[in-house]
Amino acid sequence: MLTVGLNHFLVISAVLFSLGIYGIVTRKNAVMVLMGIELVLNSANINFVAFSHYGNFGLNGQAIALFVIVLAAAEAAIALAIVLNVYKTFAEVNVDEIDHLKE
Amino acid sequence: MNLYDIIFYIFAAITILSALFVVTTRNIVHSAFFLLFTFFGVAGIYVLLGADFIAIAQIMVYVGGILILILFGVMLTNKITSVEIRTGTVQMIPATIGVVIFMAAVIAIMVMTNWKSEPGLIPLGTTKDLGHLLINDYVLIFELLGILLLIALIGAASIARREQE
């Protein structure tokens, strides 16, 4: 039970995923929502690398993890540019107060 | 309980605790700094899984790039001198209940499933094999990611630049 196996990594990734979802759902600030998304992407990456190590799939899982890291970098750059623009337009980054599309 | 297990538990504790602080601290700058520890913990877990190149890429891209971007985002979108940097929260109780149920379900599924797992041996350096994989099997994805990064760079610059007056 205490000896580290595949399940330990999967549990860590599940906890990290849940914390990321919690951050995305409960935080108002758009930058905090972005941090939650980063946590979720990291947890998915842990799963990829863990199965690559324990599942005898060669290095394919690690290659996919590398692609996820690249996508996360691109996503963070674009999202922060959008957040800066929203702040310039509304002087506000709380996602629950930017609801002009509803009207 | 050998040394590997002890190091694993240390990194797991760092990752989970700092992630918990990230989503519960009310100060955004503190959240960003706890995110740094989360990324380091995840990098340590990659090392324990024998993925040395991914671990270094994690530290360089996440800590060196994304975290700096997020800190800039925090600094540019808050009036640091006038208002204290806090973030409000919505729907704490339903979110907590839902997330706890979700986490319990996922952990139960993952623990109860009988994964076909062989205790993999730690490889001696994955960089060369990963490089071969990137320019043989995954060459199309590799090139597409290059184009995607270029598009993201141009797009971010054109979205965030100031309007000409």
(Q) Residue by residue through B:100-107, how many Cβ atoms from other chains fall within 10 Å of the Cβ on average? (A) 4
Q. Karplus couplings for segment B:10-27 from phi (6.51 cos²θ - 1.76 cosθ + 1.60, θ = phi - 60°), rounded to Hz, Gly and Pro as x?
A. 4, 5, 5, 5, 4, 4, 5, 5, 5, 5, 4, 5, 4, 8, 10, 5, 8, 8
Q) Which far-off residues, 5 or more places away or on another chain, put their amide H under 5 Å from the one on B:Thr126, with H placed in the peptide plane? A) B:Asp52, B:Phe53
Q) Given just the C-alpha atoms of segment A:53-103, how large is their convex hull per residue in cubic angstrom? A) 118 Å³
Q. Across peptide B:6-16, how many C-beta atoms of other chains are within 10 Å of each residue C-beta, on average?
A. 3
Q. Pick from A:Ile82, A:Ile37, A:Ile69: which residue has the top mean-square fluctuation in a GNM of chain A where Cα pairs under 10 Å get a spring?
A. A:Ile82
Q) Can you pull the three principal axis extents for the Cα set of the protein assembly as shown, in Å, largest first? A) 60, 44, 33
Q. What average number of partner chain Cβ atoms lie no more than 10 Å from the Cβ of the residues making up B:19-26?
A. 6
Q) Using the per-residue mean of other Cβ atoms lying within 10 Å as a proxy for protection, in what order, highest first, do the peptides A:17-25, B:61-69, B:107-115 fall? A) A:17-25, B:61-69, B:107-115
**Q.** Equivalent ellipsoid semi-axes, segment B:126-165, via Cα gyration tensor eigenvalues times 5, rooted, Å
**A.** 34, 9, 4
Q) Which whole-number percent is the relative contact order of chain A (Cα, under 8 Å, 6+ apart)? A) 25 percent
Q. For chain A, what is the mean residue ellipticity at 222 nm derived from helices alone (per DSSP H run of n ≥ 4: -39500 (n - 2.57); sum divided by total residues; nearest 500 deg cm²/dmol)?
A. -26500 deg cm²/dmol
Q. Using the per-residue mean of other Cβ atoms lying within 10 Å as a proxy for protection, in what order, highest first, do the peptides B:48-57, A:54-63 fall?
A. B:48-57, A:54-63
Q | Convex hull per residue volume in Å³, alpha carbons only, for chain B | A | 195 Å³
Q | Assigned charges on the beta-carbon of Lys, Arg, Asp, Glu; chain B dipole about Cα centre (debye) | A | 480 debye
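Read-outs: derived from the displayed coordinates by stated rules, not from any lab. Bear in mind the structure is a predicted one, so any value in this text is a computation, not a measurement. Cβ coordinates were reconstructed from backbone atoms using ideal geometry, including for glycine residues, and neighbour counts include every protein chain displayed.
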